[in-house]
Amino acid sequence: MDQFISESQPDPVAEQPTSLRHFLGDILETLVLSVVLFLVINGISARIRVESISMQPTLYEGNFVLVNRIAYRIGEPGRGDIIVFRYPPDPDREPYIKRLIGLPGDVVNVENGQVLVNGFPLSETYIMADPNYQGTWQVPEGKLFVLGDNRNNSSDSHSWGFVPLENVIGKAEVIYWPPEQWQILHRSTASAASP
């Protein structure tokens with residue numbers, strides 16, 4: 001009786017160089033893919049750690065926030081956005097994170113504990129306390145006016161001026177750490193403030 005083997009048995013010695021080449025090719029492919037993904041992810045997003053109390057009660061010291069770097073390349077900044085930017089007086093410092101209050105052409109007025117934009121009061125349910133300062137600012141073209149949600153404990157546009165649009169890194173989208181404070185950061189100001 002004839003015996004037939006349905007599968008050929010490979011010679012283990014002959015297959016080693018091919019297996020090694022295949023293995024090294026897989027490693028190289030994985031490394032290249034990892035580098036490409038890393039560059040793409042860092043090109044469209046950033047991660048920052050909140051280092052101050054200026055955005056309480058929305059953001060707390062130690063929160064990690066995911067920032068959308070392309071938000072304003074494909075869209076326009078909106079009043080109420082939480083933005084990350086290079087500090088105008090010293091762009092080499094750690095980035096700042098604040099709430100966008102005034103757009104180019106807006107008039108921002110703070111009086112009697114109320115923020116008004118173009119004469120309309122903002123409904124600001126997210127702030128720590130009403131501001132205890134006063135002032136009026138006309139936002140120039142190409143600039144933004146930002147305030148911290150912890151109005152009375154924030155270094156922001158009311159003290160050092162406007163943020164040039166080119167200093168904006170991106171829009172804060174999500175608190176991702178610590179896990180128990182995870183949340184999507186929604187825009188939340190009065191639309192009545194639009195000019």
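Computed from the coordinates by the stated procedures, all read-outs in this text should not be read as laboratory data. Predicted, not measured: the structure shown is a model, and the values here were computed from it. Here the Cβ is made from the backbone with ideal geometry for all residues, glycine too, and neighbour counts use every protein chain on show.
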Nearest 0.05, what FRET efficiency do residue 74 and residue 118 give at R0 = 25 Å with Cβ-Cβ as r?
-> 0.45
So how much slack lies between residue 49 and residue 28, counting 0.36 nm per residue of separation and subtracting their Cα-Cα distance, in nm?
-> 4.3 nm
For residue 160, net neighbour charge (Lys/Arg +1, Asp/Glu -1) across residues whose Cβ lies under 14 Å away | +2
Rounded to the nearest 0.05, what FRET efficiency is calculated for residue 111 and residue 180 with R0 set to 35 Å and r the Cβ-Cβ distance?
-> 0.40
Quote to one decimal, in nm, the extra length available between residue 132 and residue 160 on full extension: 0.36 nm per residue of separation minus the C-alpha distance between them.
-> 8.4 nm
Please give the net charge around residue 66, taking every other residue with its beta carbon less than 11 angstrom from that of residue 66, where Lys and Arg add +1 and Asp and Glu add -1.
-> +2
Cα-only Rg/Rh for the stretch 44-193 with Kirkwood Rh rounds to 0.93
Normalised contact order of the stretch 44-193, rounded percent, pairs of Cα under 8 Å and 6 or more residues apart = 30 percent
